[in-house]
1. Given (1) closer than 15 Å to B:G260 by Cβ; (2) of a type outside the set (D, E); (3) buried (at least 24 other Cβ atoms within 10 Å of the Cβ), where does B:V209 come up short, assuming only one miss?
2. Hey, does segment A:177-184 have a residue that's over 23 Å from A:M1 (Cβ atoms) and at the interface with another protein chain (Cβ under 9 Å from one of its Cβ atoms)?
3. Based on this model, can you work out whether B:Q125 counts as of a type outside the set (G, A, S) and either in contact (Cβ under 8 Å) with a residue 24 or more places away in the chain or part of a loop (DSSP other than H, G, I, E, B) (or both)?
4. Can you pull out the residues in segment B:239-277 that are among the hydrophobic types (A, V, I, L, M, F, W, C) and either assigned to a helix (DSSP H, G or I) or in contact with a Lys or Arg (Cβ under 8 Å, 6 or more places away or on another chain) (or both)?
5. State whether the residues of segment A:299-321 include one that is surrounded by 21 or more Cβ atoms within 10 Å (Cβ to Cβ), out of contact with any Cys (no Cβ under 6 Å at 6 or more places or on another chain), not in a helix (DSSP H, G or I) and not small (G, A, S).
6. Which numbered condition in (1) under 16 Å from the mean Cα position of the chain (by Cα); (2) within 14 Å of another protein chain (Cβ to nearest Cβ) is the only one that B:M312 fails?
7. I'd like to know if segment B:276-289 contains one or more residues that are β-branched (V, I, T) and surrounded by fewer than 22 Cβ atoms within 10 Å (Cβ to Cβ).
8. Against the definition (polar (S, T, N, Q), part of a loop (DSSP other than H, G, I, E, B) and open to solvent by 10 Å² or more (accessible area, probe 1.4 Å)), how does A:T186 come out, yes or no?
Number of protein chains: 2
Amino acid sequence: MQNFVFYNPTKIIFGRNTVPRIGKETAAFATRVLLVYGQASSKKSGLHGQVMASLAQAGVTVVEHGGVCSNPLLAHVREGIAKVQQEDLQAIVAMGGGSVIDTAKAIAAGSPADCDVWDYFVGKQLITAALPITTVLTLAAAGSEMNSGMVITNEATQEKFAASHPLLYPKVSILDPEQTFTVPPTYTAYGAVDAIAHVLEFYMTTRDVDVPVQRDLMEGLIRNVMQSCARCLADPCDYGGRAALMWTATLALNGLTGAGLGQTAFPMHMIEHSLSALYNVPHGAGLAVVVPAWLRWQLGQDPARIAYLGRMIFSLPEQAADAETAELTIQALRSWFRKTGNPVSLTELNIPASDIPRIAANALALARVWRLNQYTQENIEEILTLAS
Amino acid sequence: MQNFVFYNPTKIIFGRNTVPRIGKETAAFATRVLLVYGQASSKKSGLHGQVMASLAQAGVTVVEHGGVCSNPLLAHVREGIAKVQQEDLQAIVAMGGGSVIDTAKAIAAGSPADCDVWDYFVGKQLITAALPITTVLTLAAAGSEMNSGMVITNEATQEKFAASHPLLYPKVSILDPEQTFTVPPTYTAYGAVDAIAHVLEFYMTTRDVDVPVQRDLMEGLIRNVMQSCARCLADPCDYGGRAALMWTATLALNGLTGAGLGQTAFPMHMIEHSLSALYNVPHGAGLAVVVPAWLRWQLGQDPARIAYLGRMIFSLPEQAADAETAELTIQALRSWFRKTGNPVSLTELNIPASDIPRIAANALALARVWRLNQYTQENIEEILTLAS
């Protein structure tokens, strides 16, 4: 096990009828807030009204900032920052999924900054201050509700980049599984893939092989994502299934899985971010295409690890050879992605193979920012070819 | 899954050569501290000198409070509180295992209090303030380094009672597995049993059967305690084994396993506390005697759950009947306790069966404080008889 620091001060309030607590929890930090949310769904579901009422009752004044889209955009972040500065707001309340929470984080970091917020994403500046953030989660997927990271797309440069800082842990996140009853099957499955990919990035890229506690935890999380996703698809209002998927997705990227693994990386996300940035593909859908391809590309280098995963996740037989079992593992994972309604090839995303060089060039830029120096134009093209 | 709040703000600094960070981490909260520790071992190992040097270098003045014993005593807590008040100290640094950290917590809560600190343990008063606590852990067992609970023995009344409050989460805990290389085999095994018991209390007493995420996590933790303990016994300086045992014991009682389980209870601890209070038995050794007996007493009521555990922990066959598998599970657990050097009967603790009524009467007092109303003098005696 490698040395680590684990520190996660987010307070999670989980369960039925917890949304009305957002007002009082937020009032502990601010009386004037920016409420960040997405498209029409939160108004249709009644959540918007509930959150507004709770904030009003706690004496919190709200400036609204709706319209966050999937693969959230830098321009919209900058508009939010302008509102915070003009109205002298003290905190950000996010109501939505990962895109909304990431937008809220970028506004929280960008509002008190002397520099442009994008400087944080390209590594030009380090975050030194951020407004407090509270959240009401509506999608089991990104894990942003209990971590310190954010991902934003710069639509001008077609870069989908990430940044993180301990100041960006939400102070409080409210997770009510009932708020996800209306998530359509496709997005339920995309979210499941996102959570699985978060675990797999750590699982596959750690160089430490003596991490049994973390490995057991990660395998358990992947199994639970798959089992709970299946329940949600069979019955969108299965509370136990929605609850298990929501909590698992949160645990999949709250720092716990990576604690002790040493240096890890996000190569699958690196490539997927280009699909999202260039084609506005839903993040989970893009990952469902990239993950099996990246694993197949990795097959020659580390069959033992993929085989071990397959034995733990798909109960593949102990006695078969690693190479064969690893191949079966990738097939089983890809089949599961397909079965749950995810695309598993670039073709299914309507992306022609002739675009591969352009996608690889875009991903390479992120590889350089993330210092993933083993990735080249050539091998990213290889991985994308395996995805086509 | 039941509603829950998860909030754990302790910062964990884990790994080799991390002890020298205690000074700077503590200086963030205080310049005058009480250093709480145990017997001679921390001086012999050089840890005491390292901690003192680090605190001095960070400009932190230290008043010492050594002499904490296993099953820490209320009188010693009160002496610590007197020192804090007389010397106007601002924080508590704990250097040791669970007994030391629990003593530090009791001093931290008792020092700013208007009432006697014992009032918190008998439920007469609620904690409303506590000094900040930092810790350097030397034993993988109690989990106190990352939770908000504490257990103290009132030697006058022979009561070993517990209390907890969010203010008691250590601000920072330093976990260096190398500091446990010198823990003797017996105490290594007692610590493992303590960690297993913490998980089992939740596992066995939740009434919610739809908690797959937590169940997987708990089963993984128990497997990892057993595997890592075996490594530590085979080679006390196996860093990977010590690291896995240390981190697993911390995760076993940091709030994560219980989040979502609803109401749970600590009936095995309830009975063990009486063995510690009356006979000064090491806590883990007492648990090794009580746990199999309690499980056997529970066998008639919930064979399915014990059988499921056995299949997940000891790979017992799926097809055998629950009652039979549950019996094999208890036998396997008891055998493992014995194999690792734990006592598994009252006789091995030199406690005669004729003492059972007295022990049960003592445990019953705690059962009333913890509102475990299903426990009576009679059924506690039954459980103790199964342990004899």
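The values are calculated or read from the model by the stated rules, or taken from the named source; none is laboratory data. Quick caveat: nothing in here was measured; it's all calculated off a predicted structure. FYI the Cβ positions are ideal-geometry reconstructions off the backbone, even for glycines, and counts take in every protein chain you see. All accessible areas refer to the heavy atoms of the entire protein, side chains included, with ligands and DNA or RNA removed. Shrake-Rupley method; radii C 1.70, N 1.55, O 1.52, S 1.80 Å.
1. (3)
2. Yes: segment A:177-184 contains one or more residues that are over 23 Å from A:M1 (Cβ atoms) and at the interface with another protein chain (Cβ under 9 Å from one of its Cβ atoms).
3. Answer is yes for this residue.
4. Of all residues in segment B:239-277, those among the hydrophobic types (A, V, I, L, M, F, W, C) come to B:243-247, B:249, B:251-253, B:256, B:259, B:261, B:265-266, B:268, B:270-271, B:275, B:277.
Residues satisfying the conditions are B:A243, B:A244, B:L245, B:M246, B:W247, B:A249, B:L251, B:M268, B:M270, B:I271, B:L275, B:A277.
5. No, segment A:299-321 contains no residue that is surrounded by 21 or more Cβ atoms within 10 Å (Cβ to Cβ), out of contact with any Cys (no Cβ under 6 Å at 6 or more places or on another chain), not in a helix (DSSP H, G or I) and not small (G, A, S).
6. (1)
7. First pass over segment B:276-289, keeping only residues β-branched (V, I, T): B:281, B:289.
Subsequent filtering for residues that are surrounded by fewer than 22 Cβ atoms within 10 Å (Cβ to Cβ) retains none.
Looking through segment B:276-289, none of the residues is β-branched (V, I, T) and surrounded by fewer than 22 Cβ atoms within 10 Å (Cβ to Cβ).
8. Judged against the criteria, A:T186 is not a match.
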